[in-house]
1. Output the residues belonging to the stretch 646-687 that are aliphatic (A, V, I, L, M) and open to solvent by 60 Å² or more (accessible area, probe 1.4 Å).
2. Taking the condition of a type outside the set (Asp, Glu), touching a residue at least 40 places away in the same chain (Cβ under 8 Å) and within 30 Å of Asn274 (Cβ to Cβ), does Leu63 pass?
3. Check the stretch 529-542 and report whether any residue there is outside any loop (DSSP other than H, G, I, E, B), modelled with pLDDT of 95 or more and within 25 Å of Ser623 (Cα to Cα).
4. For the stretch 198-211, which residues satisfy the criterion of being modelled with pLDDT under 60 and in contact with a strand residue (DSSP E or B) (Cβ under 9 Å, 6 or more places away or on another chain)?
5. Which of (1) open to solvent by less than 60 Å² (accessible area, probe 1.4 Å); (2) over 22 Å from Ser571 (Cβ atoms) is the odd one out, the single condition Thr638 does not satisfy?
6. Filter the stretch 135-174 down to residues that are of a type outside the set (Asp, Glu) and either part of a strand (DSSP E or B) or touching a Phe, Trp or Tyr at 6+ places or on another chain (Cβ under 9 Å) (or both), then give me how many there are.
7. On the basis of being among the basic types (Lys, Arg), over 14 Å from Gly372 (Cβ atoms), at pLDDT 95 or above and surrounded by fewer than 18 Cβ atoms within 10 Å (Cβ to Cβ), does Lys409 make the cut?
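The values are calculated or read from the model by the stated rules, or taken from the named source; none is laboratory data. Because the structure is predicted, anything quoted here is derived from the model rather than measured. Every residue, glycine as well, gets a Cβ built from its backbone with ideal geometry; the counts of neighbours run over all protein chains shown. All accessible areas refer to the heavy atoms of the entire protein, side chains included, with ligands and DNA or RNA removed. Shrake-Rupley method; radii C 1.70, N 1.55, O 1.52, S 1.80 Å.
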Amino acid sequence: MKNSIRFFCASSLLAVSLSCIASDFRLVSPDGELAFEIGVDSQGKPFYSVNLKNLPVISNSALGLKADEFVIADGLEMNVVATDSVDSSWSPVWGEFESVRNHYNEALLNFCDRNGLQFNLRVRLFDDGLGFRYEVPEQKNVNYVTLRDELTEFNLPADMTMYVIPGDYDSDEFLYTISPLSRLREAMPNPKHSESSRILGLAVQTPMLMKHPSRPLYVNIHEAALVGYPAMALDVNPESMSLSSHLTPDKTGVKAYLQVPFVSPWRTLIITENAPDMLASQLIYNLNEPCAIEDTSWIKPQKFMGVWWEMFTGGKTWAYSDKYNAKPGITDYAALSSNGRHPANTANVKRYIDFAAANNIPALLVEGWNEGWEDWAGYKKNRQFIFDKPYPDFALDSLVQYAADRNVKLIMHHETAGNAADYERQLDDAFRFMKKHGYDAVKTGYVGHIIPRSEYHSSQWMVDHYNHVVSKAADYGIMVDSHEAVRPTGMMRTYPNWVAQESARGGEYESFGGNPPYHTALIPFTRLKGGPMDYTPGLFEPDLAKYGKGNTSRGLTTLARQLALYLTMPSPLQMLCDLPENYQRFPDAFQFLKDVPVEWSDSRYLEAEPAEYITVARKDKNSADWYVGSITDDQPRTATVDLSFLPKGESYEATIYQDGDDADFRTNPQSYKISSRKVNEKTKLKIKVAPGGGFAIRLKKN
């Protein structure tokens, strides 16, 4: 596959023809409070450190690259090539803010040895953190590079509290461990559930969060602009209080195949003294390249429903027929009858379209519409998914027209079962088929092992694949919501048609035993720093046993909390995950889901603490209205909503959707109450939040 995304300017990577002079260098943030110091030690090994207000954030830590063709890690001298300062702004196609300030100080540093081997390090220092990346210029006698390791370290100054999930090359769908670094080995659940976690050992995925034990300091470590390179995990050494980069290899152990010149992704540290500032940071987006799509008018943030939850509640299936395993190689689905449990059928889809149209929900995702699901998890042995052939009971043309007549768009679903190579083979045909039938958004999926290459989900080849799909989709005017893909790194700035990803443990797990309340109070500090998530909120009936299909799971949430998730977990593509009949049971609460926007012009994080609580206010991009959402962990609390962000002298009508007095996510999750009152910029609301609960407010200008 040809990687069609290249963002850097080759001229910036030309060999630096300056003499190498050993020296130390210090770069400070625009406000002067954050400092990045770098130099080489007596053996010529490069090291860096980071300080905030003269207190350590990262202690002396190594840098370097190791490849079959060279090792650039010691015997080096350093030269400061250039410095710069930038203060600009840019307007996202969608996001939490209508305008984002991009203010940083930059340095380009060159490290070279006596044989002429060298790399450049580009550093950008913002008020709320920094990014640095390796830029490898042309080398003497080195044209191609077989990368074995990146030798980046993050040595910590204290026994930081870690908020992490296990390292894994294939999955991000874990619950978080919260533990001091020194006890992480005992606290982390046994990660040896897969081949990759056995290789990784004690490692954690990024984005990850740390909190200082004795002073106000929060640090998020991740990466930005992941292109042509494998994703980074972090090896953990509790004894030395150290983290070190661990790149995803291919099955031969090679981390990346590169041609010089090349650049790495940015290694990012968001550094704040309070939790709300961590949530508000746009640093990772700022380190990505500007939008590569000239005309973005076709990118439409939206809410959508889905024919999918019926499969999770039990008794329904994505497959048209149960007979496939008894008759491999089947080609004539019309000769079979539906199994009676296939909800992606014409009559049922029309029912969803009617509900969406009646409630002004602009889109509907249909899963299980196309051929290939009978043995989907093992189709590498039998047949492939076909992305332009509907099952016999899915009248595609008439359904598309039926939806269009009611101002509803259908969203395509492409599950690949990990066969990314086959998906690339079908990609142009699939996208042409979508455009012919009026689809302009697709949900992609990669459940299972990557075949036929035996790649890992976060390897270099698969990173190139995800980027290729999004770039190709942009050529066709198609938005992408990717599931089971590598975690996001802010690439949505460059390709805003990449409207959402899963890449974490999402709402579907409410049908697999539930997500504990702390989970959604933490992932905005971790996973969401790289980009929006298709979490699939909106669950009104958490007790799956009520469906009588053998699933006894219970979602660990109150109904009011589900409303709040549309604010605390912002995404330009937001699902209303539940069944139409469950929304019809609670029409007054459902009104909030009909009203809440997905496009914002401003966001204010009012109070927050990772894994405990978040309260945020957001301004609708298309009106003068504001919305507030708040969630808590499994402990009750009283939230303070300071409305001083409202325009002075203006009056608003606040409609408050909150937990009932007897609400509890374990015993009474559907207890809620709704009230209204007039408010202004002087109002401070005190609102009780139930265990596992939340609240949502609409502030409508009078």
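1. So the first thing to find is which residues in the stretch 646-687 are aliphatic (A, V, I, L, M), and the list is 646, 654, 656, 663, 674, 679, 685, 687.
Answer for the stretch 646-687, where residues must be aliphatic (A, V, I, L, M) and open to solvent by 60 Å² or more (accessible area, probe 1.4 Å): just Ile674.
2. When the stated conditions are applied, Leu63 passes them.
3. yes
4. Here is the first cut: in the stretch 198-211, the ones modelled with pLDDT under 60 are 198.
Listed by number, the list is empty, since nothing qualifies.
5. Thr638 satisfies all of (1) open to solvent by less than 60 Å² (accessible area, probe 1.4 Å); (2) over 22 Å from Ser571 (Cβ atoms) except (1).
6. Kept after step one, since they are of a type outside the set (Asp, Glu), are these residues of the stretch 135-174: 136-137, 139-148, 151-152, 154-158, 160-167, 169, 171, 174.
Now restrict to residues that are either part of a strand (DSSP E or B) or touching a Phe, Trp or Tyr at 6+ places or on another chain (Cβ under 9 Å) (or both): 136-137, 139, 142, 144-148, 152, 154-155, 161-166, 169.
Residues in the stretch 135-174 being of a type outside the set (Asp, Glu) and either part of a strand (DSSP E or B) or touching a Phe, Trp or Tyr at 6+ places or on another chain (Cβ under 9 Å) (or both): 19 in total.
7. no
Yes/no per residue for (1) over 19 Å from Tyr446 (Cα atoms); (2) touching a Lys or Arg at 6+ places or on another chain (Cβ under 7 Å); (3) open to solvent by 10 Å² or more (accessible area, probe 1.4 Å); (4) not in a helix (DSSP H, G or I):
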residue	(1), (2), (3), (4)
Met492	yes, no, no, yes
Tyr495	yes, no, yes, yes
Ser503	no, yes, no, yes
Leu522	yes, no, no, yes
